[in-house]
Amino acid sequence: MTGLLQSLAGIPPAEWAAVALALGYLLLAVRQSAWCWVCAIASSGIYLVLFAGGGLQMQAALQVFYIGMAVYGWRAWRGGLVASGEALPVTRWSIARHATGVVLVLAIGLLNGWIIARSQGGLVPYVDAAVAWASVLATWLVARKVLENWLYWIVIDAVAAVLYWSQGFYATAVLFIVYVVIAARGYLAWRADLTRLEVRAAAHADA
């Protein structure tokens, strides 16, 4: 316990700032607030520098993607990418689309991990790549407000917590454990919202 507290005490302020902003992003995303993407941009900018310096190549590259998706998500959630101009609604993906996405993530992650492992060695490059590519898919699902994104994040965040802890990013590892809990809450909240939309649509269809 003493060692853990000492490790947490030695965490740089930049990582704590990134953690706070990332937590703000997730809490706002659960509430479907477009402002979550502003927190995402700031957090990803900090993590880009931290992960690049910590040897997590794929996680650093992933932050660039996050920033781009945050800009896209901001526009989509505010209705800028919807023909009606209304806020983007929560939707579902079919099992077939999820299966295709998962197979692609595993294939690309394995290949990407093998390429990095040729110079670094060990298991970390494979886990790093798998988490990165799975996060790419999950982030796209968030931006499009696909309900099942939260199920992806529960798995991704649990694996990422172990990865980050192993690389010395203790505050971020703890954050990702919290993420697992919030992701479960997000799934329930978005599912309830989707159910209300479906009931409303059915009522209009019967009218």
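The table below gives the values:
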read-out: Filter pass, L147 being out of contact with any Lys or Arg (no Cβ under 7 Å at 6 or more places or on another chain) and of a type in the set (A, V, I, L, M, F, W, C); value: no
read-out: Test: residue in region 155-177 that is at pLDDT 95 or above, more than 24 Å from L123 (Cβ to Cβ), within 12 Å of the chain's Cα centre (by Cα) and not acidic (D, E); value: no
read-out: Answer from L50, L56 - the residue that is buried (at least 18 other Cβ atoms within 10 Å of the Cβ), over 12 Å from the mean Cα position of the chain (by Cα) and closer than 24 Å to W114 by Cβ; value: L56
read-out: Sole exception among (1) small (G, A, S); (2) modelled with pLDDT of 90 or more; (3) farther than 28 Å from A173 by Cβ for G73, by number; value: (3)
read-out: Residue check for V105: closer than 30 Å to G186 by Cα and touching a Phe, Trp or Tyr at 6+ places or on another chain (Cβ under 8 Å); value: yes
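The values are calculated or read from the model by the stated rules, or taken from the named source; none is laboratory data. Small disclaimer: the values here were computed from a predicted structure and weren't measured. Ideal geometry is used to build each Cβ from the backbone, glycine not excepted, and the neighbour counts take in all protein chains shown.
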